[in-house]
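J.: First the structure, which I've put down as structure tokens, then a few questions once you've had a look.
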Amino acid sequence: MSDREGLKQLLRDYVPADERERADREAMLAFLECSPDPLTRENTLFHFTASAWAVNPRRDRALMVFHHIYRAWSWVGGHADGDADLAAVARRELTEETGVKAPRPLGEGPLSLERLAVQPHEKNGVYVPAHLHLNVTFLFCCDETEPLRVKPDENSGVAWREMDEILADRTEPHMNEIYRKLARRAAYFR
């Protein structure tokens, strides 16, 4: 099975929780069928990304980073950059962006799917036009006592945050529903 076929199967196996996720899943599958470069940033309209929703064992706190571009506390994640194993991408981004060494995946598949609008911005002196991230989120459990560190080119803070606190200080209101969904699902995801 090719990498792209593996990603298609991962998406087909995902059971959407609502109409929004069903539409997101169908858009992702259609995009995989028609795009020659769905896993790279070479496609400047939309491309696949993976995120990690990292929780403590009690699942009452999530590991967040203060992201430079968004100027907000956010989950960790990044571009597939050619890698169709989005669970591995999410794990790699989690360790690179926070310094945790031993995140433990929870569950066999994704926690969530979402299409995320990215506003135009500048990164490393290069203009990045508005585009969509076709994002697949995975759930990880991490030890709160592990040392944390920032990734200076991406974030300026890494912290365990209470679920209520995450929603209370949103500078990106459009993310509130997504973070609520992730927190709710993480509590019951096995």
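The values are calculated or read from the model by the stated rules, or taken from the named source; none is laboratory data. What you see is a predicted model, and the numbers here were worked out from it, not measured in a lab. Neighbour counts are summed over all protein chains in view; Cβ atoms, including those assigned to glycine, are modelled from backbone coordinates with ideal geometry.
J.: Have a look at Ala117, Ala102 and point out the one that is loosely packed, with under 11 Cβ neighbours inside 10 Å and within 18 Å of Arg92 (Cβ to Cβ).
T.: Just one listed residue meets the conditions, Ala102.
J.: In this structure, does Asp18 turn out to be surrounded by fewer than 16 Cβ atoms within 10 Å (Cβ to Cβ), more than 19 Å from Met175 (Cβ to Cβ) and modelled with pLDDT under 95?
T.: Working: surrounded by fewer than 16 Cβ atoms within 10 Å (Cβ to Cβ): yes; more than 19 Å from Met175 (Cβ to Cβ): no; modelled with pLDDT under 95: yes.
No; evaluated as a whole, the condition is false for this residue.
J.: Moving to a separate point now. Run Ala168 past the list (1) in contact with a Ser or Thr (Cβ under 9 Å, 6 or more places away or on another chain); (2) hydrophobic (A, V, I, L, M, F, W, C); (3) more than 18 Å from Pro57 (Cβ to Cβ) and report the number of the one that doesn't hold.
T.: Unmet condition: (1).
J.: Within segment 56-82, which residues are buried (at least 16 other Cβ atoms within 10 Å of the Cβ) and either in a helix (DSSP H, G or I) or without any contact (Cβ under 8 Å) to a residue 60 or more places away in the chain (or both)?
T.: Answer for segment 56-82, where residues must be buried (at least 16 other Cβ atoms within 10 Å of the Cβ) and either in a helix (DSSP H, G or I) or without any contact (Cβ under 8 Å) to a residue 60 or more places away in the chain (or both): Val76, Gly78, His79, Ala80.
J.: Whether any residue in segment 37-47 is among the hydroxyl-bearing types (Ser, Thr, Tyr), without any contact (Cβ under 8 Å) to a residue 60 or more places away in the chain and not in a helix (DSSP H, G or I) is what I want to check.
T.: Within segment 37-47 (the criterion being among the hydroxyl-bearing types (Ser, Thr, Tyr), without any contact (Cβ under 8 Å) to a residue 60 or more places away in the chain and not in a helix (DSSP H, G or I)), the answer is yes, since at least one residue qualifies.
J.: Further question on the same structure: Within segment 87-105, can one find any residue that is in contact with a helix residue (DSSP H, G or I) (Cβ under 9 Å, 6 or more places away or on another chain), closer than 20 Å to Leu11 by Cβ and part of a helix (DSSP H, G or I)?
T.: The answer is yes; a qualifying residue exists.
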